[in-house]
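Only one structure is covered here, and it is reproduced in the block below.
The values are calculated or read from the model by the stated rules, or taken from the named source; none is laboratory data. Keep in mind that what you see is a predicted model, and the values were worked out from it rather than measured. Neighbour counts run over all protein chains shown; Cβ positions are idealised from the backbone, glycine included.
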Amino acid sequence: MAKLSDSASTDIDAPIDAVWAIVQDVAGWPEWQATLGALDILEADGDGRAELCAVEFDAKVTKIKMKLACSYSAPTRMSFARVSGDLSDLSGSWRLEELGDGRTKATYQLDVNPGGVLNFFLNEERIGKLRETLVDVRPGELKARAEAR
């Protein structure tokens with residue numbers, strides 16, 4: 001069974017509150033995450049943040065559609081998990097750590113079990129390419145967004 005479970009980190013020259021503002025703005029993710037296509041907020045929490053959203057990812061092999069539940073532990077952790085959709089299971093998170101001097105360490109974690117027919121198309125080489133596309137680049141995208149502000 002093909003699974004993807006990995007994380008990637010980067011240090012960002014921006015204070016944790018500024019980075020947190022970007023991470024918790026789920027509606028704005030398509031503006032800086034290259035593989036994220038459509039995103040619709042279906043339910044919001046009391047602070048106006050996405051609690052449930054419909055997303056479409058471009059996984060290069062196919063477009064993946066699903067609903068994600070989001071949770072927040074400000075300003076250090078944002079998590080999301082598949083509720084329904086094309087994959088058997090998907091969960092992920094952003095972890096932020098204050099480094100001092102207005103710098104933040106950001107770690108992106110993604111765990112995917114594609115299940116079903118997609119398992120037949122995913123070998124180690126394709127899993128590696130998906131890791132590059134869906135995990136490895138994500139902290140750099142956040143860094144570019146945060147440092148441009």
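Taking the condition part of a strand (DSSP E or B) and modelled with pLDDT of 95 or more, does LEU42 pass? Working first, answer last.
Numbers: part of a strand (DSSP E or B): yes; modelled with pLDDT of 95 or more: yes.
For LEU42, the condition - part of a strand (DSSP E or B) and modelled with pLDDT of 95 or more - is met.
I'd like to know if the range 95-110 contains one or more residues that are at pLDDT below 90, closer than 30 Å to ASP13 by Cβ, in contact with a Ser or Thr (Cβ under 7 Å, 6 or more places away or on another chain) and among the hydrophobic types (A, V, I, L, M, F, W, C).
First, pick out the residues of the range 95-110 that are at pLDDT below 90: none.
Within the range 95-110, not a single residue is at pLDDT below 90, closer than 30 Å to ASP13 by Cβ, in contact with a Ser or Thr (Cβ under 7 Å, 6 or more places away or on another chain) and among the hydrophobic types (A, V, I, L, M, F, W, C).
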Name the residues in the range 40-57 that are in contact (Cβ under 8 Å) with a residue 24 or more places away in the chain, within 16 Å of ARG82 (Cα to Cα) and loosely packed, with under 15 Cβ neighbours inside 10 Å, would you? LEU42
Taking SER93 as the residue in question, decide whether it is of a type in the set (Gly, Ala, Ser), in contact with a strand residue (DSSP E or B) (Cβ under 9 Å, 6 or more places away or on another chain) and within 24 Å of ASP136 (Cβ to Cβ). yes
For the range 50-74, which residues satisfy the criterion of being in contact with a strand residue (DSSP E or B) (Cβ under 6 Å, 6 or more places away or on another chain) and under 18 Å from VAL19 (Cβ atoms)? ALA50, CYS70, SER71, TYR72
Kindly indicate the residue of the range 82-109 that is among the small types (Gly, Ala, Ser), part of a strand (DSSP E or B) and surrounded by 15 or more Cβ atoms within 10 Å (Cβ to Cβ) and also farthest from the chain's Cα centre (by Cα) among those meeting that condition. GLY85
Residue satisfying all of: in the range 4-39; touching a Lys or Arg at 6+ places or on another chain (Cβ under 6 Å) and assigned to a helix (DSSP H, G or I); surrounded by the most Cβ atoms within 10 Å (Cβ to Cβ) among these: ILE22
Quick test of your reading of the structure: ILE64 fulfils all but one of (1) without any contact (Cβ under 8 Å) to a residue 12 or more places away in the chain; (2) aliphatic (A, V, I, L, M); (3) surrounded by 18 or more Cβ atoms within 10 Å (Cβ to Cβ). Name the failing condition by number. (1)
